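Visitor: I have a structure I would like to understand better, so I am pasting it below and will then ask my questions one at a time.
The values are calculated or read from the model by the stated rules, or taken from the named source; none is laboratory data. What you are looking at is a predicted structure, and each value in this text was computed from that prediction instead of being measured. Using ideal geometry, Cβ is built from the backbone for each residue, glycine included, and neighbour counts are taken over all protein chains shown.
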Amino acid sequence: MKDIVGSRGNELGEKKIALCVTGSVAAIHSPIIARELMRHGADVHVVMTSAAQRLVRAELFEWATGNSVVTELTGKTEHIQLAGEWVGKVDLVLVAPCTANTVSKFVNGVDDTPVTTVLSCALGTGIPIIIAPAMHEPMAKNPFVAANLDRLKKQRVEVVEPRIEEGKAKIAGVEQVVDAVIKRLGKKDFRGMNILVTGGPTMEPIDPVRVISNRSSGRMGLALAEEAGRRGAQVNLITGPSKVDPPDWLRVVKIESTEEMAKAVEKSLKNSKINVAILAAAPADYAPEEKSKEKISSRSKPRLSLTLKATPKIVNSIKKLSPKTFLVAFKAEPKISTKELIRRAETLMRESQADMVAANMTGDGTAFGGEDNEVYLLSRGSKVAHIPRTSKQNVAAKILDVVKEELKGRT
């Protein structure tokens, strides 16, 4: 069942992870977490407590990961194989879910389950540890449990904070848990850099309820912002009304109109030294010259004419505001020939003085509104790199790989 490995990216390629599962009902999410880690390239090995086995069968995890599951410690010293001081040890131990009981045992050095014994070894070996607590809210508020979590944090154990809902401290979302692992283990080749990303559509109001907009979902901009953040960058995401929600750890500025986006970009460039600006947003090119303060009645106006004015060309302002910023512009076109797409991208590169242009064609589930994208990357010197159709997460990773190579060549 390892055919999904790397299907969404290779951030965790060649990384071995021990996924420890304890006796919370949130264990039903653990197979999904395992599969998502695998989709990002990880080799996942599951360790279960007996309480967890009463909730989710070990056979499910064996199917999910393609690896045997540790349900008890035997003469094979499974805890040492996973977390001992030797070449085959795991790169990270993730406990998801982690009960209050396991937290307290871990803090006090109690090794009476396969999970607590693996944790004990990992802490002694210096293997990174991440826990995702799940328990009832009163247990989370117990001062002893809270103190134990604080003690773990002081030992550099990362805690993915739970969501307080319905009287429970529910395990963090799957994406949040996987993001924490990727941020901990992924490459940090953008550490120390400030990256500005724009994403999503903009909306130009006709009246208080009607707008002019486009089909952009905001997924490409978000994927780029997340990838840059995982790779160590300080990211400022400026986004219009998108169909996807950014994670809590991203710095996000939400806007609606193209003018608002232009002002937010200008403010970011003036207030910070931006190393890279990636303009993946799809700002509306036109806005109504006049906006009605009241809703226009279709009964009183069965026909409506609008006079439109051009909106600011944000991409053309970047180099004027910050000449040293590496600018990645985006060019989206309907179905045209590849040759014509590249020609139009070259024109955009000249007009905006961009260092790189990511050109893509809309339709067939790619670009606007879709989960996938196919991109032609144009760099200075007429270099063209093709990124075949793949998930937007993969496209984002490959774009940043090329950006990093271009930056190396200019230092």
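Visitor: Cβ contacts < 6 Å: first residue free of Cβ contacts under 8 Å to residues at least 60 places away in the same chain, restricted to the range 377-398; second residue buried (at least 19 other Cβ atoms within 10 Å of the Cβ) and small (Gly, Ala, Ser), any location; separation 6+ or different chain. Result?
Guide: These pairs meet every condition: LEU377/ALA358; LEU378/ALA345.
Visitor: Next up: Is it the case, given these coordinates, that GLU374 is in the same structural domain as ALA223 (by TED's automatic domain parsing), crowded, with 16+ Cβ neighbours inside 10 Å and assigned to a helix (DSSP H, G or I)?
Guide: Against the criterion (in the same structural domain as ALA223 (by TED's automatic domain parsing), crowded, with 16+ Cβ neighbours inside 10 Å and assigned to a helix (DSSP H, G or I)), GLU374 does not qualify.
Visitor: Out of the residues in the range 107-123 that are out of contact with any Asp or Glu (no Cβ under 7 Å at 6 or more places or on another chain) and closer than 11 Å to ILE80 by Cα, which is surrounded by the fewest Cβ atoms within 10 Å (Cβ to Cβ)?
Guide: This residue is CYS121.
Visitor: Moving on to the next point. Would you point out the residue of the range 356-391, among those that are touching a Gly at 6+ places or on another chain (Cβ under 8 Å) and modelled with pLDDT of 85 or more, that is farthest from PRO334 (Cα to Cα)?
Guide: SER391
Visitor: Looking at GLU227, is it assigned to a helix (DSSP H, G or I) and within 24 Å of ILE182 (Cβ to Cβ)?
Guide: So GLU227 fits the description; yes.
Visitor: Of all residues in the range 236-293, how many are assigned to a loop (DSSP other than H, G, I, E, B) and not acidic (Asp, Glu)?
Guide: Adding up the residues that qualify gives 22.
Visitor: Here's a follow-up. Could you tell me whether the range 70-86 includes any residue that is at pLDDT below 95, among the acidic types (Asp, Glu) and either under 30 Å from ALA396 (Cα atoms) or surrounded by fewer than 23 Cβ atoms within 10 Å (Cβ to Cβ) (or both)?
Guide: Yes, that holds for at least one residue.
Visitor: Among the residues of the range 183-193, which ones are of a type outside the set (D, E, K, R), in contact with a Lys or Arg (Cβ under 7 Å, 6 or more places away or on another chain) and not in a helix (DSSP H, G or I)?
Guide: Within the range 183-193, GLY186, PHE190 meet the criteria.
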